[in-house]
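Report on one structure; see the data block that follows.
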Amino acid sequence: MVQAQLALTVLMGLLLAGVAVWLTRIEDWRSYTPLAGGGGAVSGETGYAHEEKPGGIIRWLTTVDHKDIGVLYGTYATIAFAVGGIMVMLMRAELLAPATDVIGAEFYNSLLTSHGITMLFLFGTPAIAAFGNYFIPLLIGADDMAFPRINAIAFWLLPPGAILIWAGFFTAPIASLDIVPAQTAWTMYTPLSAGVGSGTQANVGVDFMLLGLHLTGVSATMGSINFIATIFTERGPDVNWANLDIFSWTILTQSGLILFAFPLLGSALIMLLLDRNFATTFFAVGEGGGPILWQHLFWFFGHPEVYILALPPMGILSLVIPKFSGRKLFGFKFVVYSTLAIGVLSFGVWAHHMFATGIDPRIRASFMAVSLAIAIPSAVKTFNWITTMWGGNVRLTAPMLFCIGAVSNFIIGGVTGVFLASIPVDLVLHDTYYVVGHFHYIVMGLLGFAFFAGIYYWFPLFTGKMYQKRLAKAHFWLTAIGTNLTFFAMLFLGYLGMPRRYATYDFGLGPVNIITVFHQLATLGALLIFVGQVIWIWNIVQSWYEAPTMEDADPWNLKESGQFTHEWQWHERRTETAIADGGEDTDEETAMTDGGEPSETRRTSSDE
Ligand code: HEM
Ligand SMILES: [Cu+2]
């Protein structure tokens with residue numbers, strides 16, 4: 001034992017020495033950062049600072065350029081989306097029939113836990129950070145984020161976070177390690193997750209997951225500080241509070257929410273880790289705060305978290321819808337006010353997740369009132385989106401289709417939320433599939449759709465190319481039909497009394513036949529969504545590599561309606577320099593090592 005530890009220590013020492021040697025051998029790696037040589041980030045010329053970008057993998061490991069970091073976040077989020085999606089396909093396969101006959105209950109529980117955590121923490125937040133990093137500096141006319149290095153650190157905390165969160169799946173096959181994935185569900189309710197006593201989750205896999213979550217929380221907090229500092233201090237000379245774009249407003253509000261919510265999650269996670277490993281009794285039954293304390297702490301973070309995820313996608317909708325309606329966003333000011341109102345109110349509703357726990361009915365009623373109130377600013381946004389389209393010159397491009405889909409889904413998600421916010425209804429529907437249907441209408445129906453709207457809208461800016469429109473429409477219709485099939489079926493399942501988080505519904509009571517049909521419809525819908533996403537990936541990758549480069553920097557005819565905003569102006573400058581440079585026939589090889597972004601290469605070469 002001692003010898004093994006000694007050997008391990010020596011090995012780790014050698015590894016560290018190796019890393020140190022490797023770092024010194026990378027020739028002058030400091031010069032790759034924008035602040036080197038007199039502060040590139042504050043120099044007037046955008047692009048100048050990144051002249052010395054190294055090629056290949058080193059570039060991506062050392063980059064502090066906001067656009068590169070945006071790409072890293074985006075790639076990371078896409079991988080997490082795929083992992084979470086494959087997990088849920090296995091779960092849907094299990095639910096095709098009442099008995100547990102496909103993957104087994106324990107594995108189902110592990111997948112359920114990881115699916116939720118993956119989609120919220122490894123996909124949702126990073127996907128928003130991808131848009132934020134790439135576009136906020138362009139939208140507000142900044143050269144980069146306020147703290148480029150902190151930006152890079154925030155991203156690089158995420159891969160270890162994912163490895164820890166998924167650790168149990170890698171180690172489970174090695175029986176001697178005895179580390180299995182957590183089965184706590186994403187809410188990690190105690191006493192189940194406290195791991196004290198029989199029948200609870202004492203396995204080290206849970207500790208790994210908690211530590212991984214902690215890393216993602218630190219990452220999100222660092223990112224939010226960066227966004228706040230950037231939007232406050234790095235705006236270009238012609239950008240002020242009165243004409244700040246709507247997406248930046250939502251990112252600013254969201255960052256404020258993160259700043260108050262995520263540190264609280266971090267503290268709660270530490271308390272849980274202490275309860276698990278150091279015999280403290282914060283959440284112990286009958287002592288300390290008890291399991292209800294965990295629920296308060298978790299949901300004080302958890303409800304703001306749902307708006308942390310929802311506000312920036314709402315910002316994307318507010319930004320894209322006017323572009324394809326040929327007119328300005330209706331009631332811009334009120335959309336901003338409603339964003340701020342949601343931000344404030346979202347900290348006053350957390351106990352609507354705890355209506356069924358037996359908390360004081362008077363407290364419960366006040367949470368019901370605030371929860372109903374938060375529907376008002378949400379509805380203000382919805383009406384503003386609809387009024388913007390009303391009588392406008394609507395063009396049904398792929399981004400616009402996804403926007404309309406997102407608004408429609410959000411209406412169903414929001415209305416079901418209002419149902420759940422009223423105590424008597426919630427007491428019937430709590431912990432049924434109705435809740436699952438409600439929040440998936442929002443997380444898939446609003447967030448997912450808004451992300452796709454943003455991706456298609458900015459794809460020409462990002463790659464200088466156009467996606468294949470037919471495939472994009474196929475992607476939309478498969479996703480729209482699949483989403484509504486899956487999650488509307490879940491609303492019915494909830495009414496039928498199907499509890500959530502079960503691997504089986506072979507209960508021997510209740511209308512099992514009808515429940516089976518709705519579960520099968522939900523699985524069919526999930527399959528449609530899955531096929532849609534395969535088409536999406538194919539479209540993006542193939543168009544990126546093979547579509548011809550566009551010379552027109554205004555693919556959406558934004559100039560016509562006077563909406564050729566900052567980021568497109570930047571794109572136009574870039575396109576023009578590239579063409580003046582005769583850069584079209586850039587060597588394919590360099591384009592590839594540059595991360596498949598040929599226009600980037602051309603810009604750099606034109607700067608030299
Ligand atoms: C119109 C505003 C909304 C209202 C009034 C509302 C209300 C509620 C209520 C009362 C519950 C608890 C149901 C239960 O467990 O019995 C709930 C659950 C949930 N809501 Fe909403 N909601 C709203 C919007 C949103 C948004 C925008 C999101 C996500 C971005 C969201 C995500 C969730 C999630 C994830 C859960 C389930 C948490 C869990 O137990 O795992 N909701 N909602
Ligand atoms: Cu909530």
- Message: I'd like to check something: does segment 318-333 contain any residue that is assigned to a helix (DSSP H, G or I) and more than 20 Å from Ala450 (Cα to Cα)?
- Response: yes
- Residue selected from segment 288-311 under the condition closer than 21 Å to Ser255 by Cβ and away from ligand 1 (no atom under 11 Å from the Cβ), by the criterion farthest from the chain's Cα centre (by Cα): Phe300
- Among residues belonging to segment 92-118 that are among the aliphatic types (A, V, I, L, M) and surrounded by 20 or more Cβ atoms within 10 Å (Cβ to Cβ), point out the one that is farthest from Thr463 (Cα to Cα). Leu95
- Message: Being among the polar types (S, T, N, Q) and surrounded by 19 or more Cβ atoms within 10 Å (Cβ to Cβ) is the filter here; which residues of segment 264-302 pass it?
- Response: Gln295
- Task: Collect the residues in segment 1-45 that are surrounded by 10 or more Cβ atoms within 10 Å (Cβ to Cβ), modelled with pLDDT under 75 and not aliphatic (A, V, I, L, M), keeping them in residue-number order.
- Result: Trp29, Arg30, Ser31, Tyr32, Thr33, Pro34, Gly37, Gly39, Gly40, Ser43, Glu45
- Those helices (runs of 4 or more DSSP H) completely within segment 79-197 that have 3 or more residues that are more than 16 Å from ligand 1 (Cβ to nearest atom) and under 22 Å from the mean Cα position of the chain (by Cα) are 125-139, 148-156, 158-171
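Does Ile58 satisfy the criteria of being modelled with pLDDT of 90 or more and either β-branched (Val, Ile, Thr) or not in a helix (DSSP H, G or I) (or both)?
On the way: modelled with pLDDT of 90 or more: no; either β-branched (Val, Ile, Thr) or not in a helix (DSSP H, G or I) (or both): yes.
No.
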- Query: What single numbered condition from (1) assigned to a helix (DSSP H, G or I); (2) away from ligand 2 (no atom under 16 Å from the Cβ); (3) more than 26 Å from Ala220 (Cβ to Cβ) fails to hold for Gly288?
  - Reply: (1)
- Do we find a residue being touching a residue at least 12 places away in the same chain (Cβ under 8 Å), crowded, with 23+ Cβ neighbours inside 10 Å, of a type in the set (S, T, N, Q) and more than 16 Å from ligand 2 (Cβ to nearest atom) anywhere in segment 395-404? no
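Considering only residues of segment 370-402 that are of a type in the set (S, T, N, Q) and closer than 26 Å to Pro304 by Cβ, which is farthest from ligand 1 (Cβ to nearest atom)? Even if it seems obvious, please write down each step before you answer.
Applying the first criterion (of a type in the set (S, T, N, Q)) to segment 370-402 yields 371, 378, 382, 384, 387-388, 393, 397.
From what's left, closer than 26 Å to Pro304 by Cβ: 371, 378, 382, 384.
Numbers: Ser371: 5, Ser378: 5, Thr382: 10, Asn384: 15 Å.
Among those residues, the one meeting the criterion is Asn384.
Given Val418, Val443, Val436, Val380, which one is within 16 Å of ligand 2 (Cβ to nearest atom) and more than 19 Å from the chain's Cα centre (by Cα)?
Working: Val443 fails: more than 19 Å from the chain's Cα centre (by Cα); Val436 fails: more than 19 Å from the chain's Cα centre (by Cα); Val380 fails: within 16 Å of ligand 2 (Cβ to nearest atom).
Unique residue meeting the criteria: Val418.
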- Every residue from segment 403-423 that is near ligand 1 (Cβ under 10 Å from one of its atoms), small (Gly, Ala, Ser) and in a helix (DSSP H, G or I): Gly413, Gly414, Gly417, Ala421
- List the helices (runs of 4 or more DSSP H) that sit entirely inside segment 431-540 and contain at least 2 residues that are small (Gly, Ala, Ser). 449-463, 469-495
- Query: Based on what the data block shows, is Thr382 assigned to a helix (DSSP H, G or I) and out of contact with any helix residue (DSSP H, G or I) (no Cβ under 8 Å at 6 or more places or on another chain)?
  - Reply: no
- Query: Within the set of pairs 6+ apart or on separate chains, which have a first residue in segment 347-365 that is in contact (Cβ under 8 Å) with a residue 12 or more places away in the chain, a second that is within 14 Å of ligand 2 (Cβ to nearest atom) and in a loop (DSSP other than H, G, I, E, B), and C-beta atoms under 7 Å apart?
  - Reply: Phe355/His430; Ala356/His430
- Task: Go through (1) within 12 Å of ligand 1 (Cβ to nearest atom); (2) farther than 18 Å from Val320 by Cβ one by one and return the number of the condition Gly343 breaks.
- Result: (1)
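The values are calculated or read from the model by the stated rules, or taken from the named source; none is laboratory data. If you're wondering where the values come from, they're calculated on a predicted model, not measured in any experiment. Positions of Cβ are backbone-derived with ideal geometry, glycine not excepted, and every protein chain shown enters the neighbour counts.
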